[in-house]
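Novice: Here's a structure for you.
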Amino acid sequence: MSELLQIGSRHNRPAPPKPEDLTLKFSPKAVAELEALKGHYPDLKSLILPALWIAQREYDGHLSGAALAEVAFRLKRSYAEIEGVATYYSMYNVEHKVGKHKIEVCTCLTCAVCGAYQVFDYLKQKLGVEDRETTADGMFTIEEVECLDACDRAPVLQVGDEYLGPVDERAVDALIEKLRNTQESTVVKLADEIVQVHLSATDKQKVSKG
Amino acid sequence: MAEKKLLLEHASDPKYATLDGYLAKSGYNGLRAALGMDRQAVIDQIKASGLRGRGGAGFPTWIKWNGIEKQKTGPVYLICNADEGEPGTFKDKQLMEETPFLLVEGMTIAAHATQADAGYIYIRGEFVDSARALRKAIDEAYARGYLGKNILGSGLNFDLYLHMGAGSYECGEESALMSSLMGERGMPRLKFPHAPLPTVSGAWSRPTIINNVETYACAPFILQNGGAWYASLGASTKNSRGTKIFSVSGHVNKPGNYEIEFGTPLRDLLAMAGGMKGGQLKACIPGGSSVPMIDADDTNKAILGYEEMADVKSMVGSGGCIFLNEHTCIVTFIWRTALFYANESCGKCTPCREGTQWILQILERIITGAGKADDIQLLKDVCAQIDGRSFCGLGDAAAWPVAGALRVFEDEFRYFIDHGHSIVSKPSMAGIR
């Protein structure tokens, strides 16, 4: 029934799996990373944010209901709590599955006065999608975002773990061309990079030993 | 006045981000000096230096450090607020990427002064480059005995962790940041005097110090050269000491971070950034999007200092200085500012959650040519009803830029309402819906 009430909404809530359908997909490496991170905080609840980053990587860039349920299970928290946290932060892809590459264009103050809206319009037109939509081939998602704090390089955009700026229409063309030839998903790469910076050299040794 | 580089002196040297390069440029002399003093003496040096929080509020740093219990009853935490999100500000990004050891050393000094057991650097999720640079620095510091157990043989134990955010401006607010660190939605908590200060009960209900990146990065210089020396910088101002990094952006020829001594005129900062690009100076937002904008006349007479900026009815804030040229439509610019705050309001307090939306709707109808005659008064009323009525400063920060622009450029708003289009003939923000 709840699906009927959400037709066409961009704010779809992920549906939690039924308890009997719960499957655990974290790789042994992810489990070891989570275990290593437990030493960083006084309680399990504080692991929610890093654990969601791990889940975003393990679930191919998308925090589906199953992904949230797995985080809840592993941290002994409720599904509702995990969903509440995940939907609060804009970098967790909860509401919809994003494409292989997510292009985030800053249109905040300095970027806006330096031509970010023209760049974003060009990108929309070039890919034939609107803000927060994904191209039909599942390759690109574009998103208008708030200040990326690189105003000296305005207008700036972010793809995965990289900033690019100042950008113009030619730079957008070159970027799209480059990303089409990039096999690895930059969305997954970003999540992985963020997980890795949490881990100290000693943590990484523990993880590689299993 | 010219630039006065203290924190950024060696920033352009890639070796400075390695431990050996840092040690070669008198790195860790501040910590060595601190370890030779007792804890209170370190705090006294910070007090003598007159250092104030660089994140925006300008709260005296020593009061926080001094507020931690002297007889430890359990763990004490240090937090570094590296959730830089204020539009126009990008100083912490450069500090973390190019001078990561300043932050690590500064936090270790604070750990010694407050007997802290663990430190957390809360970095916004987008700043992967900053996090990678810090990760490298922290790993190197651990391997060489500058972090961990028995630091430099002094008996000091201190662990330092990185914690990444996930995209939320609100998490730059200290109580929201602590909520986020503890694995919650990044929403603010009640503050003093309604709740204890973080130094009494902060993260995990334990005494906690929370300072900005730039604030911690000042500590090594203060301990190395003495608080009195640091206080001699900026002595021309009423109560602003030391240097401050300003992030200059907008319509200038050379945008970037410029470190100056307090007391430097704002117009000198503009000159350092290569002057205006594409037209005459029209307005300046001197301290990040939250502070009221000032016009060209005030920009020419403003002196950079916490109290001095009040003379032109603005603030130093976080140091994000946006200069706008004559082709900028102020009404559209303020609409974009309002959109930012409406997007980033966490939704906890009604005045901010609803008020930011109302401001946005009123401004939206003005810039689409449907403004009503009494809209200016309505905007002023809504701003007054948000200001001071929410848990954290985001509500105030949403109201100030609108109220500030109405103070200086009310004519421009009235023109837009009366004529249905901007007073500026070719606005530089073309492309807006």
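Novice: Quick check on B:Lys64: is it at pLDDT below 95, in the same structural domain as B:Leu147 (by TED's automatic domain parsing) and either over 21 Å from B:Arg132 (Cβ atoms) or part of a loop (DSSP other than H, G, I, E, B) (or both)?
Specialist: no
Novice: Next question. When you scan segment B:123-137, how many residues do you find that are more than 7 Å from chain A (Cβ to nearest Cβ) and surrounded by 24 or more Cβ atoms within 10 Å (Cβ to Cβ)?
Specialist: Initial filter on segment B:123-137 (more than 7 Å from chain A (Cβ to nearest Cβ)): B:123-124, B:127, B:129-130, B:133-134, B:136-137.
Narrowing further to those that are surrounded by 24 or more Cβ atoms within 10 Å (Cβ to Cβ): B:123-124, B:127, B:130, B:134, B:137.
Count: 6.
Novice: Being within 23 Å of B:Leu51 (Cβ to Cβ) and more than 8 Å from chain A (Cβ to nearest Cβ) is the requirement here; does B:Glu174 meet it? Don't jump to the end; show me each part of the working.
Specialist: Values: within 23 Å of B:Leu51 (Cβ to Cβ): yes; more than 8 Å from chain A (Cβ to nearest Cβ): yes.
Judged against the criteria, B:Glu174 is a match.
Novice: Could you say which residue among A:Asp161, A:Asp131, A:Asp173, A:Asp121 is closer than 30 Å to A:Gly39 by Cβ, charged (D, E, K, R) and not assigned by TED's automatic domain parsing to the domain that holds A:Leu24?
Specialist: A:Asp161
Novice: Please find, within segment B:57-97, the residue that is farthest from the other protein chains (Cβ to nearest Cβ) out of those that are acidic (Asp, Glu) and in contact with a strand residue (DSSP E or B) (Cβ under 9 Å, 6 or more places away or on another chain). Show your work before the answer.
Specialist: Our first condition is that a residue be acidic (Asp, Glu); within segment B:57-97, this holds for B:69, B:83-84, B:86, B:92, B:97.
Narrowing further to those that are in contact with a strand residue (DSSP E or B) (Cβ under 9 Å, 6 or more places away or on another chain): B:83-84, B:86, B:92.
Values: B:Asp83: 10, B:Glu84: 5, B:Glu86: 7, B:Asp92: 8 Å.
Per the stated criteria, the residue is B:Asp83.
Novice: From the list B:Met182, B:Met178, B:Met187, B:Met164, which one is within 17 Å of B:Cys80 (Cα to Cα), surrounded by fewer than 23 Cβ atoms within 10 Å (Cβ to Cβ), aliphatic (A, V, I, L, M) and assigned by TED's automatic domain parsing to the domain that holds B:Ala33?
Specialist: After ruling out the rest, the residue left standing is B:Met182.
Novice: Then there's this: Among the residues in segment B:179-196, are any over 30 Å from A:Asp161 (Cα atoms), small (Gly, Ala, Ser), modelled with pLDDT under 95 and assigned to a loop (DSSP other than H, G, I, E, B)?
Specialist: Looking through segment B:179-196, at least one residue is over 30 Å from A:Asp161 (Cα atoms), small (Gly, Ala, Ser), modelled with pLDDT under 95 and assigned to a loop (DSSP other than H, G, I, E, B).
Novice: Looking at segment A:173-208 only, could you name the residues that are more than 14 Å from chain B (Cβ to nearest Cβ), assigned to a helix (DSSP H, G or I), free of Cβ contacts under 8 Å to residues at least 60 places away in the same chain and not small (Gly, Ala, Ser)?
Specialist: The answer is A:Asp173, A:Ile176, A:Glu177, A:Lys178, A:Arg180.
Novice: Then there is this: Looking at segment B:396-417 only, could you name the residues that are of a type in the set (Val, Ile, Thr) and surrounded by fewer than 23 Cβ atoms within 10 Å (Cβ to Cβ)?
Specialist: B:Val408, B:Ile417 - these are the residues of segment B:396-417 that are of a type in the set (Val, Ile, Thr) and surrounded by fewer than 23 Cβ atoms within 10 Å (Cβ to Cβ).
Novice: Spot the failing condition for A:Ala116; the list is (1) surrounded by fewer than 23 Cβ atoms within 10 Å (Cβ to Cβ); (2) not assigned by TED's automatic domain parsing to the domain that holds A:Ile48, and only one is missed.
Specialist: Answer for A:Ala116: the failing condition is (1).
Novice: Given the condition in the same structural domain as B:Gly186 (by TED's automatic domain parsing), more than 21 Å from B:Leu8 (Cβ to Cβ) and under 20 Å from the mean Cα position of the chain (by Cα), answer yes or no: does some residue in segment B:132-152 qualify?
Specialist: Scanning segment B:132-152, I find no residue that is in the same structural domain as B:Gly186 (by TED's automatic domain parsing), more than 21 Å from B:Leu8 (Cβ to Cβ) and under 20 Å from the mean Cα position of the chain (by Cα), so the answer is no.
Novice: In segment A:68-82, which residues are surrounded by fewer than 24 Cβ atoms within 10 Å (Cβ to Cβ), part of a helix (DSSP H, G or I) and within 11 Å of chain B (Cβ to nearest Cβ)?
Specialist: Correct list: A:Leu75, A:Glu81.
Novice: For the structure I just gave you, tell me whether B:Thr215 is in a helix (DSSP H, G or I), more than 14 Å from chain A (Cβ to nearest Cβ) and under 23 Å from B:Tyr122 (Cα atoms).
Specialist: So B:Thr215 fits the description; yes.
Novice: Further question: Does segment B:138-161 hold any residues that are crowded, with 17+ Cβ neighbours inside 10 Å, more than 10 Å from chain A (Cβ to nearest Cβ) and not in a loop (DSSP other than H, G, I, E, B), and which are they?
Specialist: B:Ala141, B:Ile151, B:Leu156, B:Phe158
Novice: Still on this structure: May I ask you to list the residues in segment A:33-54 that are surrounded by 18 or more Cβ atoms within 10 Å (Cβ to Cβ) and more than 12 Å from every other protein chain (Cβ to nearest Cβ)?
Specialist: Across segment A:33-54, the qualifying residues are A:Glu33, A:Leu34.
Novice: Taking the criterion of being within 14 Å of chain A (Cβ to nearest Cβ) and either of a type in the set (Asp, Glu) or free of Cβ contacts under 8 Å to residues at least 60 places away in the same chain (or both), would at least one residue in segment B:411-432 satisfy it?
Specialist: Yes, that holds for at least one residue.
Novice: Turning to a different aspect of this structure: Out of segment A:107-157, which residues are under 19 Å from B:Ile330 (Cα atoms), among the polar types (S, T, N, Q) and not in a loop (DSSP other than H, G, I, E, B)?
Specialist: The answer is A:Thr110, A:Gln118.
Novice: Which residue out of A:Ala86, A:Ala32, A:Ala72, A:Ala36 is aliphatic (A, V, I, L, M), at pLDDT 95 or above and closer than 22 Å to A:Thr134 by Cα?
Specialist: Working: A:Ala32 fails: closer than 22 Å to A:Thr134 by Cα; A:Ala72 fails: closer than 22 Å to A:Thr134 by Cα; A:Ala36 fails: closer than 22 Å to A:Thr134 by Cα.
Result of the check over A:Ala86, A:Ala32, A:Ala72, A:Ala36: A:Ala86.
Novice: Something else now. Being outside any helix (DSSP H, G or I) and surrounded by fewer than 18 Cβ atoms within 10 Å (Cβ to Cβ) is the filter here, so list the residues in segment B:12-49 that pass it.
Specialist: Listed by number, the residues that qualify are B:Ser12, B:Asp13, B:Thr18, B:Lys25, B:Ser26, B:Gly36, B:Met37, B:Asp38.
Novice: Being surrounded by fewer than 20 Cβ atoms within 10 Å (Cβ to Cβ), of a type in the set (Ser, Thr, Tyr) and on the phi < 0 side of the Ramachandran plot narrows it down to one residue among B:Ser240, B:Ser201; which is it?
Specialist: B:Ser201
Novice: Let me ask something else about it. For the subset of segment B:98-122 comprising residues that are within 13 Å of chain A (Cβ to nearest Cβ) and more than 20 Å from the chain's Cα centre (by Cα), which member is nearest to B:Asn212 (Cα to Cα)?
Specialist: Only one residue fits best here, namely B:Ala118.
Novice: Here's a follow-up. Condition test on B:Ala34, is it within 14 Å of chain A (Cβ to nearest Cβ) and among the hydrophobic types (A, V, I, L, M, F, W, C)?
Specialist: no
Novice: Out of curiosity, is B:Thr299 of a type outside the set (A, V, I, L, M, F, W, C), buried (at least 23 other Cβ atoms within 10 Å of the Cβ), without any contact (Cβ under 8 Å) to a residue 40 or more places away in the chain and closer than 19 Å to B:Pro401 by Cα?
Specialist: Answer is yes for this residue.
Novice: Identify the single condition in (1) crowded, with 21+ Cβ neighbours inside 10 Å; (2) facing chain B (nearest Cβ under 9 Å); (3) in contact with a helix residue (DSSP H, G or I) (Cβ under 7 Å, 6 or more places away or on another chain) that A:Asp152 does not satisfy, given that it satisfies every other one.
Specialist: (3)
Novice: Another question, then. Does segment A:50-80 hold any residues that are of a type in the set (A, V, I, L, M, F, W, C) and under 12 Å from the mean Cα position of the chain (by Cα), and which are they? Spell out how you get there, then give the answer.
Specialist: First, pick out the residues of segment A:50-80 that are of a type in the set (A, V, I, L, M, F, W, C): A:51-55, A:63, A:66-69, A:71-73, A:75, A:80.
Within segment A:50-80, A:Leu52, A:Trp53, A:Ile54, A:Ala55, A:Leu63 qualify.
Novice: In addition: Please verify whether B:Ile376 is crowded, with 22+ Cβ neighbours inside 10 Å, more than 21 Å from B:Gly320 (Cα to Cα) and not small (Gly, Ala, Ser), treating the condition exactly as stated.
Specialist: no
Novice: Is one or more of the residues making up segment B:293-300 part of a strand (DSSP E or B), charged (D, E, K, R) and touching a helix residue (DSSP H, G or I) at 6+ places or on another chain (Cβ under 9 Å)?
Specialist: For segment B:293-300, residues part of a strand (DSSP E or B), charged (D, E, K, R) and touching a helix residue (DSSP H, G or I) at 6+ places or on another chain (Cβ under 9 Å): present.
Novice: In addition: Say whether the condition of being in a strand (DSSP E or B), within 14 Å of another protein chain (Cβ to nearest Cβ) and not charged (D, E, K, R) is met by at least one residue in segment B:201-208.
Specialist: Yes: one or more hits.
The values are calculated or read from the model by the stated rules, or taken from the named source; none is laboratory data. Since the model is a prediction, treat every value here as computed from it, not as a measurement. As a convention, Cβ positions derive from the backbone with ideal geometry for all residues, glycine included, and neighbour counts pool all protein chains shown.
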